[in-house]
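Before any comments, here is the structure.
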Amino acid sequence: MLILVTGGAGYIGSHTCVALLEAGYSVVVADNLANSNKTVLVEVEKITGKKVQFYLIDVTDEANLDRLFKTHQFDGVMHFAGLKAVGESVEKPLLYYHNNILSTITLAKKCLEYGVKHFVFSSSATVYGENPSPLLETMELLPRTSPYGETKAISEQILKDLGRVNEHFAVALLRYFNPVGAHQSALIGEKPDGVPNNLMPFITQVARGKLKKLRVFGNDYPTIDGTGVRDYIHVCDLAEGHVAALEKLKPGVCIYNLGTGRGTSVLELIETFERVNGLKLPYEITARRPGDIAECYADVSKAKRELCWQARRTVADMCLDAWRFEENN
Ligand code: NAD
Ligand code: UDP
């Protein structure tokens with residue numbers, strides 16, 4: 001079985017390439033390297049002892065994609081390629097709408113043209129907006145989170161509409177919660193460009209001394225200790241969730257939350273990181289970050305029931321692996 005992985009040189013895509021190769025699939029990666037480096041795929045090959053075919057392609061470019069689909073008969077597509085910085089999407093909405101929506105349209109079009117029936121899409125818990133947690137796949141999506149969030153909601157809608165009229169097209173919309181951590185080899189992990197936006201890479205860079213101090217954005221939320229609560233999921237669990245979804249795909253559109261179902265506050269994450277790694281993290285409490293919600297965690301019963309998949313790595317594992325990767329890079 002040959003799977004096209006768009007954005008496969010990126011953080012989640014590279015870990016999923018490992019999971020796919022380990023499960024016996026062959027992998028072709030298409031990535032324009034807008035936010036990644038090709039050397040990541042060498043590491044993927046090192047971890048798995050298997051080959052990855054790479055194409056430097058922008059997946060919004062139909063002519064290039066067409067050549068790719070002519071060259072390979074894919075059994076399925078996993079579509080990770082996309083821009084993901086929420087703040088940047090507010091500043092540059094057109095860039096986000098163009099890249100994230102056109103890539104989904106172009107890729108889906110090629111799948112239908114070339115008879116590729118299996119499509120797995122990287123969506124996000126951000127589509128739930130301010131719905132109360134635990135978040136359920138059946139909840140109505142609340143509009144206007146950010147242009148980034150909109151690109152996910154719109155891409156989902158496009159794929160749902162296609163699924164309705166193409167009886168053989170099988171789509172999984174995977175709503176990720178907060179992916180963190182790294183492969184335990186420390187060969188691949190998250191390498192944000194510049195100052196990270198997300199909490200875990202910020203923590204590892206403070207621990208490393210690259211950044212002076214962590215800012216905890218608000219301690220007056222109605223949560224266990226007043227700080228924001230999120231459902232952190234180990235990136236390798238997330239990657240395995242993709243393989244499970246691919247294996248269970250059936251015609252139509254299925255939506256799955258990929259999270260752990262457990263919320264962790266900012267202070268709890270800091271405490272766990274310090275404890276398991278024997279480090280101290282300097283931090284200060286500051287104002288809330290605009291647009292943040294108090295808590296966001298998944299109801300994961302559907303993925304467990306239908307995909308026979310559940311996250312098995314702990315928050316301690318996430319902290320250990322994230323730090324091991326930072327230290328090795
Ligand atoms: P990433 O930036 O590490 O990986 C995305 C990859 O896509 C990069 O390698 C980038 O070069 C590539 N890319 C972007 N636009 C492209 C294009 N037009 N053509 C070809 N390649 C292109 O991000 P990630 O964290 O691995 O995220 C993967 C997917 O999961 C994204 O769609 C993202 O929106 C989604 N997602 C991520 C998170 C998260 O917290 N990391 C959460 C929810 C959803
Ligand atoms: N957060 C923080 N300091 C940071 C980055 C994030 O306190 O430097 C908090 C943020 O307010 C939220 C949680 O950590 O409550 C997770 O933030 P992240 O940006 O990683 O994920 P998201 O908010 O997009 O789910």
| query | Can you find even one residue in the range 224-237 that is on the phi > 0 side of the Ramachandran plot and more than 10 Å from ligand 2 (Cβ to nearest atom)? | reply | yes
| remark: Scanning the range 198-219 for residues that are within 11 Å of ligand 2 (Cβ to nearest atom) and open to solvent by less than 40 Å² (accessible area, probe 1.4 Å) gives 199, 200, 201, 202, 203, 205, 206, 211, 214, 216, 218
| request: Just need a number here: residues in the range 130-151 that are open to solvent by less than 60 Å² (accessible area, probe 1.4 Å), closer than 20 Å to residue 302 by Cα and either out of contact with any Phe, Trp or Tyr (no Cβ under 9 Å at 6 or more places or on another chain) or within 12 Å of ligand 1 (Cβ to nearest atom) (or both). | output: 1
| message | Within the range 166-244, considering only strands (runs of 3 or more DSSP E) that don't extend past its boundaries, which have at least 1 residues that are touching a residue at least 40 places away in the same chain (Cβ under 8 Å) and of a type in the set (D, E, K, R)? | response | 170-176, 214-217
| task | Consider only pairs whose beta carbons are under 7 Å apart and that are at least six residues apart or on different chains; among these, list those whose first residue lies in the range 84-103 and is more than 20 Å from residue 12 (Cβ to Cβ) and whose second residue is among the small types (Gly, Ala, Ser). | result | 90/146
| query | Among the residues of the range 12-43, which ones are hydroxyl-bearing (Ser, Thr, Tyr), open to solvent by less than 10 Å² (accessible area, probe 1.4 Å) and either touching a His at 6+ places or on another chain (Cβ under 8 Å) or free of Cβ contacts under 8 Å to residues at least 12 places away in the same chain (or both)? | reply | 16
| said: Can you tell me how many residues within the range 58-83 are part of a loop (DSSP other than H, G, I, E, B), in contact with a strand residue (DSSP E or B) (Cβ under 7 Å, 6 or more places away or on another chain) and buried (at least 19 other Cβ atoms within 10 Å of the Cβ)? | reply: 5
| the range 173-194, residues that are farther than 27 Å from residue 244 by Cα and touching a helix residue (DSSP H, G or I) at 6+ places or on another chain (Cβ under 8 Å) | 192
| field | Every residue from the range 303-314 that is open to solvent by less than 40 Å² (accessible area, probe 1.4 Å) and either in a loop (DSSP other than H, G, I, E, B) or within 16 Å of ligand 1 (Cβ to nearest atom) (or both) | value | 303, 309, 311
| request: Kindly check whether there is at least one residue in the range 248-260 that is over 30 Å from residue 117 (Cβ atoms), more than 12 Å from ligand 2 (Cβ to nearest atom) and touching a helix residue (DSSP H, G or I) at 6+ places or on another chain (Cβ under 6 Å). | output: no
| Close pairs (7 angstrom Cβ cut-off, 6 or more residues apart or separate chains): farther than 23 Å from residue 84 by Cβ in the range 107-124, open to solvent by 60 Å² or more (accessible area, probe 1.4 Å) anywhere | 117/168
| Of all residues in the range 159-197 being under 16 Å from the mean Cα position of the chain (by Cα), at pLDDT below 95 and within 15 Å of ligand 2 (Cβ to nearest atom), the one that is surrounded by the most Cβ atoms within 10 Å (Cβ to Cβ) | 196
| query | If a residue has to be in contact (Cβ under 8 Å) with a residue 60 or more places away in the chain and in a helix (DSSP H, G or I) to count, how many in the range 273-302 make the cut? | reply | 3
| task | Please give the number of the condition residue 88 fails out of (1) within 16 Å of ligand 2 (Cβ to nearest atom); (2) open to solvent by 60 Å² or more (accessible area, probe 1.4 Å); (3) part of a loop (DSSP other than H, G, I, E, B). | result | (3)
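Of everything in the range 287-301, what is at pLDDT 95 or above, within 15 Å of ligand 2 (Cβ to nearest atom) and either open to solvent by 40 Å² or more (accessible area, probe 1.4 Å) or within 17 Å of residue 201 (Cβ to Cβ) (or both)? Give them in sequence order.
Scanning the range 287-301 gives 287, 288, 295, 297.
The values are calculated or read from the model by the stated rules, or taken from the named source; none is laboratory data. The shown structure was predicted, so the numbers you read here are calculated from the model rather than taken from an experiment. Because the Cβ atoms are built from the backbone with ideal geometry, glycine has one as well, and the counts that use them run over all protein chains shown. Each accessible area value is taken on the protein alone, full model and side chains, heavy atoms only, with ligands, DNA and RNA left out. Shrake-Rupley method; radii C 1.70, N 1.55, O 1.52, S 1.80 Å.
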